[in-house]
Amino acid sequence: SAVISQKPSRDICQRGTSLTIQCQVDSQVTMMFWYRQQPGQSLTLIATANQGSEATYESGFVIDKFPISRPNLTFSTLTVSNMSPEDSSIYLCSARDRENTEAFFGQGTRLTVV
Amino acid sequence: AQKVTQAQTEISVVEKEDVTLDCVYETRDTTYYLFWYKQPPSGELVFLIRRNSFDEQNEISGRYSWNFQKSTSSFNFTITASQVVDSAVYFCALSDMDTGRRALTFGSGTRLQVQP
């Protein structure tokens, strides 16, 4: 199994600022993903983080708002840019290795924008 | 397109009661994986089970059991003799394999409250 560490675990940010969330996996993984969970809601995929190339974004999410990096097979970052209160959510990093393994999740970053 | 439906928004039971959480899915793929996760109040996602589309055997793990019925596109989760520690939000999720998409599509979740 893989262990995923996310930093920070929580933050309170001012509107208009940006926050970068880090995701570190303790082993090399094929695929990494970023999800958003708005208060009381389910998880929604933001994007697939591709190693060495631009992330693949889901409908409704754009690179300018959620730039993602993945410099290697164990690390990724998600930036929430120009934040507004509507961005207050839990952001979760996920990783999958081979196709028949479970999807591992970090503990999440609980973001509050004021 | 994939879809996962958890029609039960919230369920409340008294400790030691059995409870079943329903999950119905839609996919055009012939090969896919189904998952259940538990999210306690602390917020982390706890993996419970993964089942592939070719394995319709029901599974039991302690007080937990899962009933996969491909004919009705359902993957229901039963907790036997529920305990207060089972109180959490439970998510059912689907991962298609034929299209190469590996991200999970989640249902809306079922909040389970187990009263002492």
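The values are calculated or read from the model by the stated rules, or taken from the named source; none is laboratory data. Source: prediction; values computed, not measured. Please note: Cβ atoms are built from the backbone with ideal geometry, for glycine as well, and neighbour counts cover all protein chains shown. For the accessible areas, the whole protein counts, side chains as well, though only heavy atoms, and no ligand, DNA or RNA atoms are used. Shrake-Rupley method; radii C 1.70, N 1.55, O 1.52, S 1.80 Å.
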> Going by the structure shown, is A:G60 at positive phi, open to solvent by less than 70 Å² (accessible area, probe 1.4 Å) and not aromatic (F, W, Y)?
Replying inline: no
> Since A:S84 meets every condition but one in (1) open to solvent by less than 50 Å² (accessible area, probe 1.4 Å); (2) of a type in the set (S, T, Y); (3) under 15 Å from the mean Cα position of the chain (by Cα), which condition does it not meet?
Replying inline: (3)
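Test of understanding: among B:Y32, B:Y90, which residue is modelled with pLDDT of 95 or more, within 29 Å of A:C93 (Cβ to Cβ), surrounded by 19 or more Cβ atoms within 10 Å (Cβ to Cβ) and within 14 Å of chain A (Cβ to nearest Cβ)? Explain how you work it out, then say what you get.
On the way: B:Y32 fails: modelled with pLDDT of 95 or more.
Exactly one of B:Y32, B:Y90 is modelled with pLDDT of 95 or more, within 29 Å of A:C93 (Cβ to Cβ), surrounded by 19 or more Cβ atoms within 10 Å (Cβ to Cβ) and within 14 Å of chain A (Cβ to nearest Cβ), namely B:Y90.
Per-residue answers, yes or no, for (1) more than 22 Å from B:L45 (Cβ to Cβ); (2) at pLDDT below 95; (3) within 14 Å of chain B (Cβ to nearest Cβ):
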{"position": "A:C13", "(1), (2), (3)": "yes, no, no"}
{"position": "A:G16", "(1), (2), (3)": "yes, no, no"}
{"position": "A:Q24", "(1), (2), (3)": "no, no, no"}
{"position": "A:Q28", "(1), (2), (3)": "no, yes, no"}
{"position": "A:M31", "(1), (2), (3)": "no, yes, yes"}
{"position": "A:Q41", "(1), (2), (3)": "no, yes, yes"}
{"position": "A:S53", "(1), (2), (3)": "yes, yes, no"}
{"position": "A:F61", "(1), (2), (3)": "no, no, yes"}
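Tell me, which strands (runs of 3 or more DSSP E) lie completely within chain A with 3 or more residues that are in contact (Cβ under 8 Å) with a residue 40 or more places away in the chain and of a type outside the set (D, E, K, R)?
Values: elements: A:4-7, A:10-13, A:19-25, A:31-37, A:43-49, A:68-72, A:75-80, A:89-96, A:109-113.
Answer list for chain A: A:4-7, A:19-25, A:31-37, A:75-80, A:89-96, A:109-113.
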>> Given the condition touching a strand residue (DSSP E or B) at 6+ places or on another chain (Cβ under 6 Å), at the interface with chain B (Cβ under 7 Å from one of its Cβ atoms) and within 23 Å of B:Q39 (Cα to Cα), answer yes or no: does some residue in segment A:75-88 qualify?
In response: no
